[in-house]
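Peer 1: After the structure tokens below, expect a handful of questions from me.
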Amino acid sequence: MRIVIAAGGFKESLAAEEVAALIARGVHRAAPDASITAIPLPDGGEGTARMLAAASGGRLVPHRGTGPTGTPVDAHYAILGWPGPRTALVEMAAAAGLRLVPPDARDPGRTTTAGVGELIAHALDAGAARILVGCGDSGTSDGGAGALQALGARLLDASGRELPRGGAALARLERIDPSGLDPRLARTELVVACNPFNVLCGPAGVARVYGPQKGATPAQADALDKALCRWACILERDLGPTGIDLRSAPGTGASGGLGAGLAAVGGRLVPRFEVLLAHLDLDGPLAAADLVITAEGAIDRQTSRGKLPGEVARRAKRHGKPVLALAAAIGPDAHLVYGGIDAYACVLPGPMPKVEAMERCAELLADGAERALRMVLLGTGLACAAGHRAPAPVSRARTLGGA
């Protein structure tokens, strides 16, 4: 049996390399003779710069700058080894990720992407002619305002005073003074690798969809949405047309609206996997696999909307391969997940507090992978014993048990 494990990281818990290795450990217990290929994948969030630096023969560049709460953090970006123009990969989570926001300080109305703008400026100082910005795992909802402030834009209220950092302050924005923007942006290719399903404003906007994960109450999420809509309108008025509607175009809501802010200064919003997986050999191993296993922190209604397991499943289905998804949590409407995921399994043996699950994540993931594969082997064994081929992949996901 040839098994390919193609997985990203578990937010605030395990890196993609750890997730792939732990699943492989559990799979090996259930199928010692299986041929296992473990492929950790970048999704734009934590670990993306490190993985793509390693894959391209590039290097990480450390930089100490402003964190999402305003205190200094040790961040980094990558200079990639790909041929062509000198390319930098700025991982927004390295400077403004949710992991960098203490649980008792989670207020998406106050956190800032200033550190992301500082990383972009540092990459320009290093001679980058092309900058890729990986969006994911953000702890911010400021529409990229902090990044633009760090790159020289001035955000002014009705009295001409500069606004403080954070998305909530955008409710008082009257005009943007772009005269101080770094002129190098105009001659640099800026590509924003984002989830195209994330939009800036409205019922499906980032404040309402992701704000609660970052600490917002329903009232705060509504206020943030209004502030971000104001931000988008003033961006278009004061920085000029972008060719897209910054309130609702695909990807404008990436990383708390960072996509919209960077689009306003010339960034091109591109579906993240078109960029991030372009130089990785994923399709070859998928074509040779008998079973594909992927994973993420939760399987829910968002899984097939630009999430990594959905992308892995989509590619696996090009080759007619069955796909099993593992998760630490099974969310609402998980049974309606489409896009090529044939079955999913929760790696937890039963209900437990989130703190305990995160502390035991490595152990639980390996054990859960073993249980899930044993169920797969039982099913295929029964089919073979009955003289039939294993069941064909189903059109919608089915659970293999778990909590």
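Peer 1: From the Cα gyration tensor of the stretch 1-77, with a ≥ b ≥ c the square roots of its eigenvalues, which class applies: rounded if a/c is under 1.5, or else prolate if a/b is larger than b/c, or else oblate?
Peer 2: Cα axes put the stretch 1-77 in the prolate bin.
Peer 1: Post the alpha-carbon centroid distance, the stretch 313-352 to the stretch 144-174, in whole angstrom.
Peer 2: Each part reduced to its Cα centre gives a spacing of 42 Å.
Peer 1: Between Ser35 and Gln213, what length in nm is gained on full extension when 0.36 nm per residue of separation is reduced by their alpha carbon distance?
Peer 2: 60.3 nm
Peer 1: Show the residues, 5+ positions off or on another chain, whose built amide H is closer than 5 Å to the amide H of Cys135.
Peer 2: Here Ala193 satisfy the definition.
Peer 1: What Kirkwood hydrodynamic radius do you get for the stretch 77-124 when you take the inverse of the mean 1/r over all pairs of distinct Cα atoms, in Å?
Peer 2: Taking the inverse mean of 1/r over all distinct Cα pairs, the stretch 77-124 comes out at 12.2 Å.
Peer 1: Counting only protein heavy atoms and using a 1.4 Å probe, what share of the accessible area of the stretch 112-184 belongs to carbon plus sulfur, as a whole percent?
Peer 2: 47 percent
Peer 1: Extending each Cα 7 Å along its Cβ direction at Ala129 and Ala105, get the distance between those two points in nm, one decimal.
Peer 2: Result: 4.0 nm between the two label points.
Peer 1: Within the accessible area of the stretch 1-80, what % is carbon and sulfur when the probe is 1.4 Å and the other protein chains stay in place?
Peer 2: Roughly 50 percent of what the probe reaches on the stretch 1-80 is carbon or sulfur.
Peer 1: Rank by packing, highest mean first: peptides 370-376, 350-356, with packing defined as the count of other Cβ atoms within 10 Å averaged across residues.
Peer 2: 370-376, 350-356
Peer 1: Quantify how much of the Cα-Cα distance distribution of the stretch 63-180 extends past 21 Å, in percent. Write down the numbers at each step before the final one.
Peer 2: Details: 2636 of 6903 pairs.
Across the stretch 63-180, Cα pairs with separations above 21 Å total 38 percent.
Peer 1: Please express the shape of the chain as an equivalent ellipsoid: the semi-axes are the square roots of 5 times the eigenvalues of the C-alpha gyration tensor, given largest first in whole angstrom.
Peer 2: Three semi-axes, in Å: 39, 22, 18.
Peer 1: Now, a different point. For the stretch 261-308, what % of the accessible area comes from carbon and sulfur atoms, probe 1.4 Å?
Peer 2: Using a 1.4 Å probe with all protein chains present, the stretch 261-308 comes out at 46 percent carbon and sulfur.
Peer 1: Leaving out ligands and nucleic acids, note down the accessible area per residue over the chain with a 1.4 angstrom probe, in whole Å².
Peer 2: Averaged over the residues of the chain, the accessible area is 41 Å².
Peer 1: Now for a different question. Short version: ³J(HN,Hα) in whole Hz for each residue of the stretch 306-320, in order, from phi by Karplus 6.51 cos²θ - 1.76 cosθ + 1.60 (θ = phi - 60°), x for Gly and Pro, what are they?
Peer 2: Values, residue by residue: x, 8, 4, x, x, 5, 4, 5, 4, 6, 5, 5, 4, 9, x Hz.
Peer 1: In degrees, nearest 10, range 0 to 90: what is the angle between the Cα axis of helix 16-30 and the longest Cα principal axis of the chain?
Peer 2: 10 degrees
The values are calculated or read from the model by the stated rules, or taken from the named source; none is laboratory data. Keep in mind that this is a model prediction, so the values were computed, not measured. Please note: Cβ atoms are built from the backbone with ideal geometry, for glycine as well, and neighbour counts cover all protein chains shown. Note: areas computed on protein heavy atoms with side chains; ligands, DNA, RNA excluded. Shrake-Rupley method; radii C 1.70, N 1.55, O 1.52, S 1.80 Å.
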